[in-house]
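Report on the following structure.
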Amino acid sequence: MTSAMTEFFGNLRAAPRRILEAAFRGGAPTTDRTRSTFIFGNVFLHLHSVRVHRWTLRWPATMGLGIATTAAFLITLVTGVLLMFYYKPYPEAAYQSIKDIHFVVPTGRFMRNIHRWAANVMVVCVLLHMARAFYTASYRKPREFNWLVGMGLLSLTLGLSFTGYLLPWDQLAYWAVTIGANIAQSPREITDALEITEWFDPGGFQRALLLGSEIVGEEALIRFYLLHVMVLPLALVFLMTIHFWRIRKDGGLARPDDVDQRLGPPEGEVYPVFTQAPEKTYQLAAIVRGRTPAVGSGPENTVPSMPHLFYAELGVMMFTTLVCVALAIVSDAPLKELANPSVPENPAKAPWYFLGLQELVSFSAFTGGIGIPAIVLLGLGLIPFLDRESAGTGRWFGGPGGWPLVQRALLVGFGAALAVEALVIRFGWIREWFPAVGQLVVTAINPGTILTLIYGAYSVWLVKRHNSARAGALGLFTCFLCGFLVLTIIGTYFRGPNWVFYWSPADWPKH
Amino acid sequence: MTVIPGGSRSRLDPEATPRRDWLGLTALWSMVSALSFGFLGALRLPKAAVVAAPSKSFKIAIPEALAAGEALVPQGHAAAVFRDEEGVYAISTICTHLGCVVKPNAEGFECPCHGSRFDKTGGVVKGPAPRALPWLQVRLSGDEAQIDEGKTVPGGTKVKSA
Ligand code: HEM
Ligand code: FES
């Protein structure tokens with residue numbers, strides 16, 4: 001053979017290895033340096049820092065909830081694109097196409113189930129993740145901004161769920177969205193009472209913006225579809241990128257000040273830290289703000305992200321996928337009859353995570369649907385700017401009061417919510433006692449606002465008692481969590497036809 | 001940063017804006033204001049000037065047998081039609097709370113969504129509905145009533161055939 005031919009076959013044999021080398025420059029991640037290049041040489045991975053603190057890798061530090069949320073989102077992304085091949089965003093065609101996906105398209109039902117379940121898993125995980133970040137006081141300086149980005153992510157996640165809910169165009173979808181659109185219109189409750197709707201109608205504007213018409217029809221469907229498959233996912237990816245990048249720039253995840261004592265010396269194998277002399281000098285360091293880097297000594301108690309962090313992340317992602325697939329196998333996504341604008345579902349229920357809101361809305365549309373959610377979002381957003389303390393950062397229930405305070409707040413939170421609900425269910429509310437009462441009175445004084453006031457007063461008392469904003473925040477967050485749970489469970493399991501309280505669906509009247 | 005020769009001021013220092021930057025700034029701000037106006041105009045985009053919607057007016061024959069105060073709910077319309085000694089009238093069946101369709105019952109109307117109850121004239125007696133059910137415009141020609149779901153009339157307006 002000629003030497004050119006020998007070389008050709010040699011190159012052919014080497015091609016797979018060289019393709020890999022070209023993609024992952026720096027070679028196999030076997031030394032400390034190549035483990036680092038593996039990360040900063042990769043556009044996706046370099047959102048992570050190259051080394052990660054051992055504290056962060058402990059299971060209770062994050063419980064993997066942020067990554068589980070990310071994984072659930074990626075699953076909805078993949079299955080969602082597959083569903084788009086068959087879905088037709090036009091009223092009756094939409095229903096038929098979902099039916100086709102369910103009954104005709106090979107694996108269509110499975111994909112739809114996974115999509116639906118992953119969306120639910122994502123909502124659960126994002127709520128738990130937020131609770132984790134709150135209870136470990138991880139929102140504090142310098143992580144305030146990431147907390148705000150997180151709130152954007154929470155809103156987008158709920159928005160994605162809500163817009164997706166309309167797409168099947170069945171009875172469930174139609175009436176949930178009718179109610180949602182009218183909640184957007186509910187500022188009219190106030191403008192009507194003041195008789196200024198003719199000149200100033202933010203409610204009507206919001207509804208028109210959402211529906212593009214006076215009815216929930218083709219315009220509404222195309223708007224929801226566009227939001228669901230383009231606008232919201234893009235915005236979510238955008239914010240997620242910032243969220244991850246900020247974690248790195250904020251110096252990794254929050255940790256206690258005395259983290260080294262708490263952790264103790266590492267057990268087992270530790271990869272050596274900076275055993276090779278650096279090849280480059282980093283002049284960038286001159287303009288990056290921060291404390292003086294510890295020259296000559298390696299960063300304490302950190303390990304390379306590759307493999308430690310990545311295998312942990314991969315594990316969480318695989319587990320999340322497993323859960324979604326398992327749920328999709330045992331339980332089908334619902335599909336009711338075709339939407340019928342003249343006969344509402346009875347009871348007409350929104351997705352479960354909005355049923356707490358629906359319970360509030362059944363007292364007053366504006367207070368429950370806009371007023372209280374706005375107060376909660378505002379309160380959440382202010383937390384990192386009101387709590388400027390440092391005790392307890394990075395530890396579960398850290399801060400003055402700690403776990404005993406949270407236990408008492410659980411009692412107050414559950415107790416108040418159950419008491420107010422029991423009262424309303426047993427005795428009714430103002431309108432039944434005084435039918436002539438004005439709407440503004442009902443909007444201002446109803447079980448929702450009363451519960452909010454009780455929670456607020458309790459947490460102000462906690463601030464005084466412990467002389468700490470963190471103590472108040474711990475109390476308030478816990479109370480609202482309890483309220484959310486109580487209202488959601490009542491809305492889901494104990495409300496039947498005409499939104500009447502029933503102990504069990506078995507007691508619902510037959511029609 | 002570009003340093004202007006002979007001085008210690010940088011080009012970014014507003015006090016040192018040279019003339020050619022003044023031109024640049026004017027161009028920049030013209031563009032910003034033009035874009036803002038364009039954006040304000042585009043805000044009108046989400047609401048079409050004409051919105052297609054099914055006709056809201058319909059005709060219905062009122063049967064002789066319809067008892068006083070008994071509701072007649074025409075298929076596919078959001079209105080309940082009544083007749084008594086004083087005349088014919090129609091009440092909207094769209095709940096003023098969040099837009100579900102209410103059902104006539106012996107005492108008036110009930111809403112399946114959040115349990116609002118209304119009396120026979122549409123007034124709220126229970127639940128979260130903020131306003132009474134509106135009365136709709138009715139016009140009579142012989143036995144037929146023409147009802148317009150888009151036009152409301154003051155509560156209590158009943159129509160008698162001439
Ligand atoms: C789509 C939604 C979200 C995704 C995918 C996401 C993802 C993540 C990930 C992967 C982390 C790293 C630590 C961990 O895994 O727990 C993290 C940290 C963090 N997240 Fe989120 N997150 C989301 C929503 C939120 C929300 C709703 C909040 C709060 C309002 C929030 C606040 C934070 C904060 C403050 C940190 C830093 C925590 C620390 O330093 O310990 N995130 N997020
Ligand atoms: S829509 Fe009728 S009570 Fe809510």
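The values are calculated or read from the model by the stated rules, or taken from the named source; none is laboratory data. Bear in mind that the values here come from a model prediction, so they are computed numbers and not experimental data. All Cβ positions, glycine included, derive from the backbone under ideal geometry; neighbour counts span all protein chains shown. We work out accessible area using only protein heavy atoms, side chains counted, and drop any ligands, DNA or RNA first. Shrake-Rupley method; radii C 1.70, N 1.55, O 1.52, S 1.80 Å.
Quick look at the numbers
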item: Karplus (6.51, -1.76, 1.60) ³J(HN,Hα), θ = phi - 60°, over region A:384-391, in Hz, Gly and Pro reported as x; result: x, 9, 9, 8, 10, 8, 10, 5
item: Test item: A:211-221 mean partner chain Cβ contacts at 10 Å; result: 3
item: Residues losing 40 Å² or more accessible surface upon assembly, region A:324-347, compared with the chain by itself, 1.4 Å; result: A:Ser342, A:Pro344
item: Long-range amide H partners of B:Thr93 with built H, under 5 Å; result: B:Ala79, B:Ala80
item: Positive-end residue of A:Met318, A:Phe480, A:Cys125, charge dipole of the protein assembly as shown with Cβ unit charges; result: A:Met318
item: Partner chain coverage, peptide A:435-447 - average Cβ within 10 angstrom; result: 2
item: By accessible area with a 1.4 Å probe, ligands and nucleic acids excluded, highest first: order of A:Val406, A:Val121; result: A:Val121, A:Val406
item: Region A:356-363 - phi-based ³J(HN,Hα) in whole Hz, Karplus 6.51/-1.76/1.60, Gly and Pro as x; result: x, 5, 4, 4, 5, 5, 6, 9
item: Number of partner chain Cβ atoms within 10 Å, mean per residue of B:46-55; result: 4
item: Cα-based helix-to-principal-axis angle, A:469-493 vs chain A, degrees rounded to 10; result: 60
item: Around A:Arg143: net Lys/Arg minus Asp/Glu count, Cβ-Cβ under 9 Å; result: +1
item: Long-range amide H partners of A:Ser138 with built H, under 5 Å; result: A:Gly394
item: Amide H partners (placed H, <5 Å) of B:Val88, local residues excluded; result: B:Val159, B:Lys160
item: Cβ-based charge dipole, region A:1-108, positive-most Cα from A:Trp55, A:Thr69, A:Ile39; result: A:Trp55
item: Accessible surface of B:Ser116 - all protein chains present, 1.4 Å probe, nearest 10 Å²; result: 0
item: Over chain A: helical MRE at 222 nm, DSSP H runs n ≥ 4 each giving -39500 (n - 2.57), nearest 500; result: -20000 deg cm²/dmol
item: Accessible area, probe 1.4 Å, largest first, for residues B:Trp22, A:Trp499, A:Trp403; result: B:Trp22, A:Trp403, A:Trp499
item: Global form of the protein assembly as shown, assessed from the alpha-carbon gyration tensor, a/c cut-off 1.5; result: prolate
item: Computed magnitude of the charge dipole of the protein assembly as shown (debye, nearest 20; Cβ of K, R +1, Cβ of D, E -1); result: 2100
item: Cα-based Kirkwood hydrodynamic radius, region A:356-511, one decimal, Å; result: 16.9
item: Between B and A, accessible area buried - total, square angstrom, nearest 100, 1.4 angstrom probe; result: 2300
item: A:Trp199, A:Trp461, A:Trp429, A:Trp169, reordered so the largest accessible area comes first (probe 1.4 Å); result: A:Trp199, A:Trp461, A:Trp429, A:Trp169
item: GNM result for chain B, Cα springs below 10 Å: residue of B:Thr26, B:Thr121, B:Thr152 fluctuating most strongly; result: B:Thr26
item: Accessible surface of region A:356-511, 1.4 Å probe, proportion on carbon and sulfur as whole %; result: 75
item: Derived scalar couplings ³J(HN,Hα) [region A:401-415; Karplus, 6.51 cos²θ - 1.76 cosθ + 1.60; whole Hz; x for Gly, Pro]; result: x, x, 4, x, 4, 4, 4, 5, 5, 4, 4, 4, x, 5, x
